[in-house]
1. Return only the number of the condition from (1) part of a helix (DSSP H, G or I); (2) out of contact with any Lys or Arg (no Cβ under 8 Å at 6 or more places or on another chain); (3) surrounded by fewer than 19 Cβ atoms within 10 Å (Cβ to Cβ) that Met285 does not satisfy.
2. State yes or no: is Tyr19 open to solvent by 50 Å² or more (accessible area, probe 1.4 Å), in a helix (DSSP H, G or I), within 20 Å of Leu242 (Cα to Cα) and touching a residue at least 24 places away in the same chain (Cβ under 8 Å)?
3. Scan the stretch 187-199 and tell me whether some residue there is open to solvent by 40 Å² or more (accessible area, probe 1.4 Å), of a type in the set (Asp, Glu), more than 20 Å from Leu104 (Cα to Cα) and assigned to a helix (DSSP H, G or I).
4. List, please: which pairs have Cβ atoms under 8 Å, are six or more places apart or on different chains, and start with a residue in the stretch 30-59 that is closer than 17 Å to Trp18 by Cα and of a type in the set (A, V, I, L, M) and end with one that is open to solvent by 90 Å² or more (accessible area, probe 1.4 Å) and at pLDDT 85 or above?
5. Please work out if Arg202 is more than 26 Å from Leu108 (Cα to Cα), assigned to a helix (DSSP H, G or I) and open to solvent by less than 80 Å² (accessible area, probe 1.4 Å).
6. Which one is farthest from the chain's Cα centre (by Cα), of the residues in the stretch 205-243 that are surrounded by fewer than 24 Cβ atoms within 10 Å (Cβ to Cβ) and among the hydroxyl-bearing types (Ser, Thr, Tyr)?
7. Inside the stretch 91-186, counting only helices (runs of 4 or more DSSP H) that do not spill past its ends, which hold 2 or more residues that are open to solvent by 70 Å² or more (accessible area, probe 1.4 Å), among the β-branched types (Val, Ile, Thr) and without any contact (Cβ under 8 Å) to a residue 40 or more places away in the chain?
8. Those residues that are of a type in the set (Val, Ile, Thr) and at pLDDT 90 or above, I need them from the stretch 171-210; list them, please.
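The values are calculated or read from the model by the stated rules, or taken from the named source; none is laboratory data. From a predicted model like this one, the values you see are computed outputs, not experimental measurements. As a convention, Cβ positions derive from the backbone with ideal geometry for all residues, glycine included, and neighbour counts pool all protein chains shown. Side chains are part of the model used for accessible areas, which takes the heavy atoms of the whole protein and leaves out ligands, DNA and RNA. Shrake-Rupley method; radii C 1.70, N 1.55, O 1.52, S 1.80 Å.
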Amino acid sequence: MKSILPVLTVVGAIFVIWYAAAVWLNAPWSRDVAARAEVTLDLPELVADTWAQDKPKLPAPHQVAVELWDTVVDKKITSKRSLVYHSWITLSATLLGFALGTALGFALALGIVYNRVMDMSVMPWVIASQTIPILAIAPMIIVVLNAVGLSGLLPKAMISMYLSFFPIVVGMVKGLRSPDAMQLDQMRTWNASRLQELLRLRLPSSMPYLFTSMKVAMAASLVGAIVGELPTGAVAGLGARLLAGSYYGQTIQIWSALIMAAVLAAAAVALIGLVQRLVLKRMGMA
C-alpha cells in the first residue's frame, strides 16, 4: 500500500491539472458560442461545456477514455477505425527497426571496443548522427528507398533503426569495457583468445548495460516508426491517426493515439524488463 500511494497521488494530481487545463483552454470557445446565442454561462455550466466539446483544444480525460473504449474495445481489430489495427501497423515497423538497430549497434560496439581505428573514427560519427533532426532525415530516407523500389514497412523500420541503434552502441561499448584490468589480465593468464574473452567475460558483464540500452532503444524505435508514417501520407498506423486528426481538428483522436503509443511503449519496455530479470537471475546477476 505504501508503494502504491505515491503513484496514485501523482496520477491524481495529473488528472486534476488535466481537467483544470481543459477548462482554461476550452473556455474561450464556450464563452464565444454562448455570447453568439446571447446566453450567459455560470461556472458549473461553463465547466461542463468545456469538458464536452466536439473539437476541444484540450480534451478532458473522460473524452479520451471514451474514444479509446470506442476504438479499442467496440471496433473489430480488422477495422481501419480500430486503434488495435493501427497499433499493429506501427508496432510491426517498431519491432523490425528495433531488431535492426540492436544488431547494428551491437556490431558497431564490437568494432569500437576491439579496433582502435574504429574507436577514434566511428564513435564521433555515431554521436554526430544523432544531432540531425529525425523530421529532416525521415523524408530523405523514404524518398531514397522508394527510388530503389523499397516501400511500405522497410522505410519506417529504417527510420526506427536510425533512432534505436545509438543507445545500443553507447550502452554496449560501456558494457563491453566494464571488466576491470585484473579480470582481463586473468583471461590473458589463462591464454584465452579474443573470442573466449568476449564470450566468457565481456559479454556476460555487459548484460545489464545491454538491457538498459534496449529499453531506451525500444522507446526510440516506436517514435521513429510514428515519425516515419508522417511524411509518407500513410493511411494506417498511429502516425496516420495523428496526421488525420491534425488535418480535421480531431484533437480527441490525436490524444487517444498518443495514449495508445504510450501504452505500447510501456508494454514493450516492461517485456524487456521481464526478460532482463529472467536472464540476469539465470546468470546469477540479479
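1. Going through (1) part of a helix (DSSP H, G or I); (2) out of contact with any Lys or Arg (no Cβ under 8 Å at 6 or more places or on another chain); (3) surrounded by fewer than 19 Cβ atoms within 10 Å (Cβ to Cβ) one by one, Met285 breaks only (1).
2. So Tyr19 fails the test.
3. no
4. The qualifying pairs are Leu46/Arg31.
5. Numbers: more than 26 Å from Leu108 (Cα to Cα): no; assigned to a helix (DSSP H, G or I): yes; open to solvent by less than 80 Å² (accessible area, probe 1.4 Å): yes.
No.
6. Ser205
7. Once the helices (runs of 4 or more DSSP H) in the stretch 91-186 are filtered for at least 2 residues that are open to solvent by 70 Å² or more (accessible area, probe 1.4 Å), among the β-branched types (Val, Ile, Thr) and without any contact (Cβ under 8 Å) to a residue 40 or more places away in the chain, what remains is 116-129, 134-147.
8. Taking the stretch 171-210 as the starting set, the residues that turn out to be of a type in the set (Val, Ile, Thr) are 173, 189.
Residue satisfying the conditions is Val173 alone.
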